[in-house]
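Working notes, beginning with the structure itself.
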Amino acid sequence: MAAPAILIHTRGLTTSTVALGKRNFRKFLLYGKRGHRQFKEQMKREPHAAMAREYDRGVRPVGLSDGKNFQIIPEMIPELIVPDLEGFKLKPYVSYRVPNVVQSEFTPQDLFYAVYSQKIAEDFKNNKLGENSNPLEPSEEESLTAEEAKKKVLSLGSDIYQR
């Protein structure tokens, strides 16, 4: 019969100068939060769909790539439209003390009154209305057919580029 082996775990304590309160920082990889050099090089060689979003740092692409060639698409380039504020008298902030403004819904009838009511009133005063109250001298918007008006509304950039 063999005697049972008794294994005693002991913990050693050293007081040498090498381990005196110092840490081996070579074990801890310190790199920026956007990835280390090896990760970025790997992303350039083998971009994966999920990882590529992390590597572009949140910048939207301005074109398409087929692997070899990169084609810039002008519609994908962001355009900042900044108004000219020269002579603008309001301050660039809104105070928290401003009371809440309650405004009713802007209906098609309100739009009609805002755009056409003044022209119709002037035509009526100057007797420039013909049969069935049609204007004798219609403006550009009044002379459009329904199809032309719909095409103009649906055209690209119709809300940005006005005459």
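None of the figures in this text is laboratory data; all of them are computed from the coordinates on show. Computed from a prediction, not measured in an experiment: that's the story for all the values here. Positions of Cβ are backbone-derived with ideal geometry, glycine not excepted, and every protein chain shown enters the neighbour counts.
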Rank these for me by crowding, Tyr113, Tyr93, going from fewest to most other beta carbons within 10 Å.
Tyr93, Tyr113
Can you put Arg37, Arg45 in order of Cβ neighbours within 10 angstrom, beginning with the fewest?
Arg45, Arg37
Residue by residue, what Karplus-based ³J(HN,Hα) values in Hz, rounded to whole numbers, does the range 70-78 have, using 6.51, -1.76 and 1.60 with θ = phi - 60° and x for Gly and Pro?
10, 10, 7, 10, x, 5, 8, 7, x
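Rank these for me by crowding, Lys152, Lys91, going from fewest to most other beta carbons within 10 Å.
With the sparsest Cβ surroundings first, the list reads Lys91, Lys152.
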